[in-house]
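The values are calculated or read from the model by the stated rules, or taken from the named source; none is laboratory data. Note that this is a predicted model, so its numbers are computed, not measured. Cβ coordinates were reconstructed from backbone atoms using ideal geometry, including for glycine residues, and neighbour counts include every protein chain displayed. With ligands, DNA and RNA removed, areas are computed over all heavy atoms of the protein, side chains included. Shrake-Rupley method; radii C 1.70, N 1.55, O 1.52, S 1.80 Å.
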Amino acid sequence: MLFLKMNKNLSEGLFIKEGRTLVYIAYKNIMWAEAEGNYITIHIYHHKDRITRTTLTQLMERLPSGKFIRVHKSYLVHNASVTEIHSNVLFLGQKQIPIGRSYKKSVGEHFAVMLAQNKSKSNSVLISE
């Protein structure tokens, strides 16, 4: 028998299957996701990491467009988590996420658009070569 706490706003998060349990994760709490074989580890602010059996492509389809970007064949990141962008790596605080060669152009374009849209905001991202 399946019981869900349905007091969650599904437009602000998603349920993933972890083992035999459905776990709700708010989009704003996702920092990055990492593919490891047939599984994805979703790294979450101030919570335990969650592991589910899916692909990054399938996960990206369930996330709001424009807020998350695929940066490597094994990684996707939440825009709000990125603190620095270097030529081949993103920083999420102290965590380094590699930028794959085939994703480099789209990552640069994505964050250039994001910076142009957010010039007036106080949160800044450092871009360096």
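Rank-order 69-79, 93-103 by packing density, defined as the average count of other C-beta atoms within 10 Å over each peptide's residues, highest first.
Taking the mean over residues of other Cβ atoms within 10 Å, the ranking is 69-79, 93-103.
Peptides 57-65, 106-114: what's the order by average Cβ count within 10 Å, highest mean first?
Working: 57-65: 12.7, 106-114: 14.7.
Final packing ranking: 106-114, 57-65.
Using the Karplus equation 6.51 cos²θ - 1.76 cosθ + 1.60 (θ = phi - 60°), what ³J(HN,Hα) coupling, rounded to whole Hz, does each residue of the range 18-30 give in order, writing x for Gly and Pro?
After applying 6.51 cos²θ - 1.76 cosθ + 1.60, I find 10, x, 9, 10, 8, 10, 8, 10, 6, 3, 5, 8, 7 Hz.
Percent of accessible area on the range 4-94 owned by carbon and sulfur, 1.4 Å probe?
Carbon plus sulfur share of accessible area: 49 percent.
Which entries in LYS28/LYS105; LYS73/LYS104; LYS17/LYS95; LYS28/LYS67; LYS17/LYS105 show an alpha-carbon gap greater than 21 Å? Walk me through the numbers on the way to the answer.
On the way: LYS28/LYS105 25 Å; LYS73/LYS104 11 Å; LYS17/LYS95 26 Å; LYS28/LYS67 9 Å; LYS17/LYS105 33 Å.
Flagged as over cut-off: LYS28/LYS105; LYS17/LYS95; LYS17/LYS105.
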